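The values are calculated or read from the model by the stated rules, or taken from the named source; none is laboratory data. On a predicted model such as this, the values are computed, not experimentally measured, just so you know. Cβ sites come from the backbone with ideal geometry, for glycine too, and all protein chains shown count toward neighbours. Ligands, DNA and RNA are excluded from the accessible area calculation, which covers all protein heavy atoms including side chains. Shrake-Rupley method; radii C 1.70, N 1.55, O 1.52, S 1.80 Å.
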Amino acid sequence: MLHIYRTTLRTQRRTLGDQLGRVLQPAVTGMMPLSTLQSPWPIRHCSANHVRTFDTMLKARRAEARRSVLVQVSSERSYNELYRYCSQFGEITSAHHYRVDGDSSSDGDCHYILLEYKNREEADAAMQSGVFSTERPGVRARSIFMWFRTGPKPRLVTPTNDTVRQLALVDGSRPIDEQELNALLASAETIDDQVTVLHRVTKLNDLGKRLRFLAVRQLESSLQGMFPQAVAHPFGSSVNGYGRMGCDLDVILDLDCRSGEPPDRNARLVYHTKATNPNERTQVQRQLESIGDVLQLFLPGVNSVRRILKARVPIVKYHHEHLDLEIDLTMNNKAGVYMSELLYLFGELDHRVRPLTFAVRRWAQAVGLTNQAPGYWITNFSLTMLVMYFLQQLPAPILPSINKLIQLSAAAKESNGVVPPLARLGGDGEDAEWVCSFLKNPSIYECFRSTNQSTLEELLHQFFTFYAQFDFNQRAISLNIAGTILKPDHCPMYIVNPLETVLNVSKNVNLEETELFRIQVRNALWLLETHGKEAVVQAGSEPSEWGLVSLFGPRKQLERITPQMFFTKRMLNVKDIFDEVPADDATGRHPASYRNPAVKNQIASIHRSTKAAIGKLQGGSAGGANGGRSTVVEGTNVKLKGGNTKRR
C-alpha cells in the first residue's frame, strides 16, 4: 500500500508533470534516501504496511504510539537542537513535523515534532525526564505531550560529526488545497490516473494515523490506573483505510477487555465491585459523564468537551488542541469495530476498492449530497455501502458477498486446524447477535481474487449507470447476499446493516435526498460522457475542466442541483384575483404580469364570473326576510345572516 506525505520543504517547484509522475510512481523502499524526496507529495514506505490483517495493523500502530513522544517547538528550525537533546535517551528512528493553525488570541501557529524511539523503554525515559513548569501552573499530570523550552546558550566548540536524522516531513498534517488538487487532476492523462491521484494525495497519511493512535494511548493510560484492563478501540475511517486528511477519530472505550473470558475456577480470591445500575443505558450515560469530567479537568490538550448523552448512542465529543483532532468517544458498543474490520477487509481484497470509494465520496461532497452535520442526508458510510454493493453485483464481481466470505473462511482453516472463536455482538441476552469468525481468520485475506479487469474509469462510469437505474422504491440492498430484497418498511432508501441485519444503515435519508441522489448520478454520468479529455479539447472548452474536475471542480461547487430547481414559482397569487384595490396601493407589490395571453384571458374571465356571483349573494341577502342582523365577511362585501356568525 502506498502512503503519500505532504511537505513544505523550501525547494524549487517542479512542473505538474513531474509532480504527477512522482505521485503515480510506485513506492520502492531502500532505493532513495528520505532526504532526497523533494516532491510536494513524497512517497515513503510505512513500517506498519507490510501487515495485512486488521488486528496486526492495529497492533503495529499501537506499538508505534507506545514508542513515541510529542514535543511542541517554536518552529521546524528547532529540530536539530531537539534531536541532539532527545538522543541522549535513546535512538530516534523517525521524526515528523506538523503545524496547528493559531487563532486570533494566540501568538501564532503552534509547531510540533513527533519523535519515535527504537523501543518503548527509551520513550519512557524521555517522558520521565520532563519537569513541570513553575511559570505555567496547572494540573500536574504526566503525559507524552511536552514542550521544548529554551536552554542555555551553547558554547563555541569544535563542530562534531554527529549526524541528525532528517525530518520525514514538514507541515505534514496540512491537506492539499482545492486549487492545487484540481491542477494536479487536470494534468493527468486519463480518468483512471485522476482517480488514483485523488486517492493518494487526499487519504490519511502516516503522520495522521500516528497522531490518532497517540490520542488512543493518552485515553487508555489515563484510565488504566483504576481499570488495568481498559482498552480504547479506534474505529471508523481512521483505521478502516477510507479516511481522508482531517477526518475525526471515533473511539469505543471498554473498561474491561477481559470481561467475556470465563473466570478461573481454581481461584478463591474474588474482587469486590461497585453495584451497577440495572438499566444498562443509564449506566453508560453516567459513566460517560464522569469520564467527560476526567477528560476536561485533567488531560493536557483536551478542551471543548461536549456530552451528548440523550442520543441513541451516548457519546462524548472533545477537541485535542495539540493533535488538532476532533474525537468522539462511546462505550460498550463493539459493532463499529467489527464494521471497520469488514471495510478494511474489502479494501485489502482488491486495490481498486478504496480509490473508487474516495472518488464517489468526493463527488457526493461537491454536489451537496453529504454534510458534516447529522441530518436527513446520505452519510459517507451509506455511500461506502453503495460502492461495496455495486462491486459485488458486477458480472465478474470484484468483492464477494459476506455469506461467501463466511463459507471461504470455514473452508480455509488455519495451519493448526483451529478456527478462531465467534465474537459476540450486542448484549448478553439470548437475542445477542453473533459475528462469524471470518473477520478474525487471517487466511480470508487470500481466499478471494477477482477476475474483473475493469479500470477505475470504467468502474466509475458503471457505478453512476447502475444507480441511475436502481429501484430504490421497492428494493433494499443487502451486502450479505450481494443482492436486493423487498424493502421491509417504507424508508426511501434501505441498506441492510451487514452485521446487525435488523437495522437500516440509511434510515435517516428522506425521500427528497433519495431523489436528489438519483438526479445527481444521472447528471454525473452525463458530465463524464460529455467532458472527456478529447471532447473538451474538440469543443474548445477550458482544457483544465475535464474528467473528475468536471464532477467536483470549482464551478461544480457553484452549480449544485437542488430539488427546488424542478419546481416553478407561482404565476400569480390567488388573492390577487379577488383584490379590487390595485396591488401597488394595497401591498406595494407590482400587478401580476402574464407571459401567455390565453392565461390572462382565463384569469379575467374567472374574475368577472366571481364578481357576478358575489353580486348575486349580496342581492339575495339584502332582500332577505326576518330583518335579522347581517355580518359582512371581511374583504368580500358579502353579508351573511345571523348574529353569531364567525369570521373565517
_Residue count for the stretch 236-264, restricted to those that are part of a strand (DSSP E or B) and open to solvent by less than 10 Å² (accessible area, probe 1.4 Å)_ = 4
*Assess whether residue 283 counts as being buried (at least 20 other Cβ atoms within 10 Å of the Cβ), farther than 30 Å from residue 388 by Cβ and not small (Gly, Ala, Ser).*
no
*Please state which one of 29, 56 is among the β-branched types (Val, Ile, Thr), modelled with pLDDT of 60 or more and open to solvent by 50 Å² or more (accessible area, probe 1.4 Å).*
56
*Does any residue in the stretch 394-410 that is part of a helix (DSSP H, G or I) come within less than 6 Å, Cβ to Cβ, of a residue that is of a type in the set (S, T, N, Q) six or more places away or on a different chain, and which pairs are these?*
402/480; 403/480; 409/441
*Go through the stretch 411-447 residue by residue and tally those that are under 29 Å from residue 356 (Cβ atoms), part of a loop (DSSP other than H, G, I, E, B), at pLDDT below 70 and open to solvent by less than 20 Å² (accessible area, probe 1.4 Å).*
0
*Return the total of residues in the stretch 471-496 being within 20 Å of residue 513 (Cα to Cα) and either in contact with a Lys or Arg (Cβ under 8 Å, 6 or more places away or on another chain) or open to solvent by 20 Å² or more (accessible area, probe 1.4 Å) (or both).*
13
*asked:* Which condition from (1) part of a loop (DSSP other than H, G, I, E, B); (2) buried (at least 16 other Cβ atoms within 10 Å of the Cβ); (3) without any contact (Cβ under 8 Å) to a residue 40 or more places away in the chain; (4) not charged (D, E, K, R) is the one that residue 450 breaks?
replied: (3)
*Only one of these is at pLDDT below 80 and in contact with a Cys (Cβ under 9 Å, 6 or more places away or on another chain): 102, 151. Name it.*
102
*Mind checking whether some residue in the stretch 283-297 is aliphatic (A, V, I, L, M), in contact (Cβ under 8 Å) with a residue 40 or more places away in the chain and part of a loop (DSSP other than H, G, I, E, B)?*
no
*asked:* Just checking, does the stretch 200-211 include any residue being touching a His at 6+ places or on another chain (Cβ under 9 Å), open to solvent by 40 Å² or more (accessible area, probe 1.4 Å), at pLDDT 90 or above and not aliphatic (A, V, I, L, M)?
replied: yes
*Specify which of the listed residues (220, 289) is among the charged types (D, E, K, R), under 31 Å from the mean Cα position of the chain (by Cα) and within 23 Å of residue 67 (Cα to Cα).*
220
_If I filter the stretch 298-311 down to residues being under 18 Å from residue 220 (Cβ atoms), of a type in the set (A, V, I, L, M, F, W, C) and outside any strand (DSSP E or B), which single residue comes out as least open to solvent (accessible area, probe 1.4 Å)?_
299
_Filtered residue count, the stretch 348-390, keeping only those that are farther than 23 Å from residue 185 by Cα and either free of Cβ contacts under 8 Å to residues at least 60 places away in the same chain or of a type outside the set (Asp, Glu) (or both)_ = 17
_Selection from the stretch 322-341 of residues that are modelled with pLDDT of 90 or more and part of a loop (DSSP other than H, G, I, E, B)_ = 322, 323, 324
*Assuming residue 83 fulfils every condition listed in (1) open to solvent by 60 Å² or more (accessible area, probe 1.4 Å); (2) modelled with pLDDT of 90 or more; (3) not polar (S, T, N, Q) apart from one, which condition is it?*
(1)
*asked:* Among (1) more than 30 Å from residue 293 (Cβ to Cβ); (2) modelled with pLDDT under 85, there is one condition residue 136 misses while meeting the rest; what is its number?
replied: (1)
*asked:* Conditions first: (1) within 30 Å of residue 53 (Cα to Cα); (2) touching a helix residue (DSSP H, G or I) at 6+ places or on another chain (Cβ under 8 Å); (3) part of a helix (DSSP H, G or I). Residue 382 passes all but one, so which condition is the exception?
replied: (2)
_Taking the condition of being open to solvent by less than 30 Å² (accessible area, probe 1.4 Å), part of a loop (DSSP other than H, G, I, E, B) and not hydroxyl-bearing (Ser, Thr, Tyr), how many residues in the stretch 497-508 meet it?_
4
